[in-house]
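Since the structure comes first, as structure tokens, the remarks are kept for the end.
The values are calculated or read from the model by the stated rules, or taken from the named source; none is laboratory data. The structure displayed is predicted, hence computed values, not measured ones. Ideal geometry is used to build each Cβ from the backbone, glycine not excepted, and the neighbour counts take in all protein chains shown.
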Amino acid sequence: MLRKVMLKKAAAFLLVFGFILSSFNLLSAAAASATTTLTDSPAEVVVAYPDGTVIQKGNLTITRVGVPSTSYTAFAQNGIFSFNLPDGTYKVSSVSDYNTAQIIPFYTSFTVAAGSPQPYILQLPPKIEGSIITADGADVPHGRLYMTGTDGITTKSYVTQARNGKLTMYLPDGTYTAGYLDEWNSMWAVTLYSSFTVTGGQVEQPPLVITVPLQYTGTVTKSGAPLSSAVLYFQSTDDSSIIYEGRVRNGKLNVFLLNGNYQIYKVVDMTTSQEYNVNLNVTVANGVGPLTISIP
């Protein structure tokens, strides 16, 4: 009788053990299957200019769609960016060309699938050239130009370098607005209001010329005392969508404005963090100054 009980217990134990082992094998198979699905495979990417010239030296960073925190970077060797990537779709936002020292904003995507033809060929949009000058006609020697562009559906950011009054950009069809110019002087970014449209790979109304406003200087006082640090907001009364910021340091004002009429509607004292709503009107033309601003 005792032996029969022990045999029954042993059989039950083997049955449970077999179930556990079977479950373990199923989990292992699933894990192996998932691992197989996510296995990285070689992917070669070539980036070419519109004329077909390949970027020989540079770096390319891509992001996997659906996994925004996952990015991959490769350095070109003989014109090929080599990656090890799981299957999926990848977004590109820029590419660096070491030979020209350019970082080119470049919005495109490509899909990696095991066994798909290699390499993946990515071609830059058409080359757009233009000029950037000051309002008195002088070339802007250097600076970094920031723009936004839209195709009517999405808005993207673009950056390019100004060199001796010249601009080179690679842009798909769309409407673009120059936002501001940075790294031009030691003060701050200069706000710009200049728009253009690219259609069929060309600027609609050539030549493309972006104008930087003229610089105006002056003094700013509050209740008769110079402000040591402040920001003044100038809104165009000719076009209310245009607003410029003027900076005050040690009572001295610097601001870049296109010719026209303006209302100074707000002053922020950076020293005391106080904000003053004002209503002062000024007219500027051809850099004539200085501006003398008295805040009650």
Residue satisfying condition, being more than 23 Å from residue 129 (Cα to Cα) and without any contact (Cβ under 8 Å) to a residue 24 or more places away in the chain, within set 236, 240, 229 = 240
Identify the residue in the range 148-164 that is touching a Gly at 6+ places or on another chain (Cβ under 6 Å) and closer than 19 Å to residue 207 by Cα and, among all such residues, is modelled with the highest pLDDT.
-> 149
Got at least one residue in the range 175-194 being modelled with pLDDT under 95, under 27 Å from residue 51 (Cβ atoms) and not in a loop (DSSP other than H, G, I, E, B)?
-> no
Can you tell me which of 192, 232 is surrounded by 14 or more Cβ atoms within 10 Å (Cβ to Cβ), under 30 Å from the mean Cα position of the chain (by Cα) and assigned by TED's automatic domain parsing to the domain that holds residue 290?
-> 232
Selection count, the range 32-54, where residues are assigned to a strand (DSSP E or B), modelled with pLDDT of 95 or more and surrounded by fewer than 16 Cβ atoms within 10 Å (Cβ to Cβ) = 3
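Residues are listed down the side, and each one gets a yes or a no for (1) more than 30 Å from residue 169 (Cβ to Cβ); (2) among the aromatic types (Phe, Trp, Tyr); (3) part of a strand (DSSP E or B):
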| position | (1), (2), (3) |
| --- | --- |
| 210 | no, no, yes |
| 221 | yes, no, yes |
| 231 | yes, no, yes |
| 234 | no, yes, yes |
| 239 | no, no, no |
| 245 | no, no, yes |
| 248 | yes, no, yes |
| 253 | yes, no, yes |
Kindly indicate the residue of the range 255-291 that is in contact (Cβ under 8 Å) with a residue 40 or more places away in the chain and either assigned by TED's automatic domain parsing to the domain that holds residue 137 or in a loop (DSSP other than H, G, I, E, B) (or both) and also nearest to residue 217 (Cα to Cα) among those meeting that condition.
-> 290
Strands (runs of 3 or more DSSP E) fully within the range 94-137 counting 3 or more residues that are touching a residue at least 12 places away in the same chain (Cβ under 8 Å) and among the hydrophobic types (A, V, I, L, M, F, W, C) = 102-112, 127-134
Mind listing just one residue for me: the one in the range 146-170 that is among the aliphatic types (A, V, I, L, M) and buried (at least 17 other Cβ atoms within 10 Å of the Cβ) and, of those, nearest to residue 180 (Cα to Cα)?
-> 147
Considering residues that are surrounded by fewer than 14 Cβ atoms within 10 Å (Cβ to Cβ) and not in a loop (DSSP other than H, G, I, E, B), the number found within the range 55-71 is 1
